[in-house]
Structure formats: structure tokens, C-alpha cells
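Asks: What follows is a structure written as C-alpha cells; I'll ask about it next.
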């Protein structure tokens, strides 16, 4: 039987970022998760662990969407100023997504694609990204390994030309399209492995 120490982990060294600091993590991840039921434990320590996991053991997960959210422009802005701020926020989100997608494909070298969603408040764009769209990354300098050979402008061109606005019919149709043509298909493409023998 596993001991308490083997079932639990503690993290007491957490850094709190300043308000303006980049957090280095995407704001949204949509994951495909496959689980099996855990055996109901008999001791209290294991029961707590069981309850914390809702009685499930994850044996497979993969990401279908990575999203980065930036603040909406001020409601006091109008016309060209408002349009500029929307564009600025979307470009900032797209730039962060370049690094996140590079990290995703490095950690998951067998992944075929992922959806990147950039948003500034209710304004959003998306792109279907595959590994060839993402440059090799220099993790020390935190930039493409060959910054002269890879232009960030080519990355932004991967995203939909026009943005969508949440809550509109056009946005709803686009989200439905993303789900039906990409996310759902990722779930049924046969990539989910069989339950490991050790968990049966």
C-alpha cells in the first residue's frame, strides 16, 4: 500500500508576480483527458487522495487549444483609437502564443496540431497551428533560435484576418466551426491510447 508521502506532493515555494509581469503561461488550455476509475480505498489518507481526484486516474491528456487573453481596450476610446488598441492587444496575444506553441510542440513532439486563440477582451482571432509553423526556440534568450530567419509577422499572418466579437452571431458560428472541424475531430482521430494494463 502506498504511503501518505507517495500519494501527496507539496509546493511551498511559489513566487507572486508583480501586476505588470508576464506570467509565461497561457490563460486558457482546452485539454482532451482520458481516465479510468480508481479502486475505492480503505484507509482515510488514500480516501482523501481518491476524493481529490474524483475517483479518477488520468492516463492520457493532450491539448487541443491554447489561448492568450489580453485586456479589452478602454470603453472611452472611439474610432481609430479603439481599433488601434484592439489590434495592439491581439498582436500582443499572438506574440505570446508563438512561445507557448513552441513549448507545446517541444514537449509533445508527436502532436500534429493545436488551435491558438488570441483575444483582447471580447475581440478574438484564431489559427490552426502545426509544428512546421513554429520556429525552433532559444529558451535562454526566449526568442526564435534564428530571429533573422523567422519573422514574427509571418506568425501573425497565420491568424484569421478579421477578428470576431464574443456574443455575436458571427462569433458563435466561428466557434461552432472550430469545435466541429477541429476540436471534435482531434478527439476522435484514434490517437487516444488503450488503457494501460497496470490500470485495468
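None of the figures in this text is laboratory data; all of them are computed from the coordinates on show. Model, not experiment: these values are computed from the prediction. Every residue, glycine as well, gets a Cβ built from its backbone with ideal geometry; the counts of neighbours run over all protein chains shown.
Asks: Quick check on the stretch 63-153: take the gyration tensor over C-alpha atoms, sort the square-rooted eigenvalues as a ≥ b ≥ c, and tell me if it's rounded (a/c under 1.5), prolate or oblate.
Replies: On the way: a/c = 2.82, a/b = 1.80, b/c = 1.56.
In terms of gyration-tensor shape, prolate.
Asks: Stokes-Einstein diffusion coefficient for the chain at 25 °C in a medium of 0.890 mPa s, Rh from the Kirkwood formula over Cα pairs: what value in µm²/s? Write out the running numbers ahead of the final one.
Replies: Details: Rh = 19.8 Å.
Translational diffusion coefficient: 124 µm²/s.
Asks: Add -39500 (n - 2.57) for each DSSP H run of 4 or more in the chain, then divide by its residues: what number comes out at 222 nm, to the nearest 500 deg cm²/dmol?
Replies: Numbers: 6 runs with 61 residues, N = 200.
For the chain, the value works out to -9000 deg cm²/dmol.
Asks: So what is Rg over Rh here for the stretch 94-200, counting just Cα atoms and using Kirkwood for Rh? Each step should come with its number before you reach the end.
Replies: Working: Rg = 16.4 Å, Rh = 15.7 Å.
Rounded to two decimals, Rg/Rh equals 1.04.
Asks: Considering only the chain, what is the antiparallel percent among its DSSP beta bridges, to the nearest 5? Present the calculation step by step, with values, prior to reporting the outcome.
Replies: Details: 21 of 27 bridges.
Given both bridge residues lie in the chain, the antiparallel proportion sits at roughly 80 percent.
Asks: Ranked by Cβ crowding within 10 angstrom, fewest neighbours first, how are 168, 63 ordered?
Replies: 168, 63
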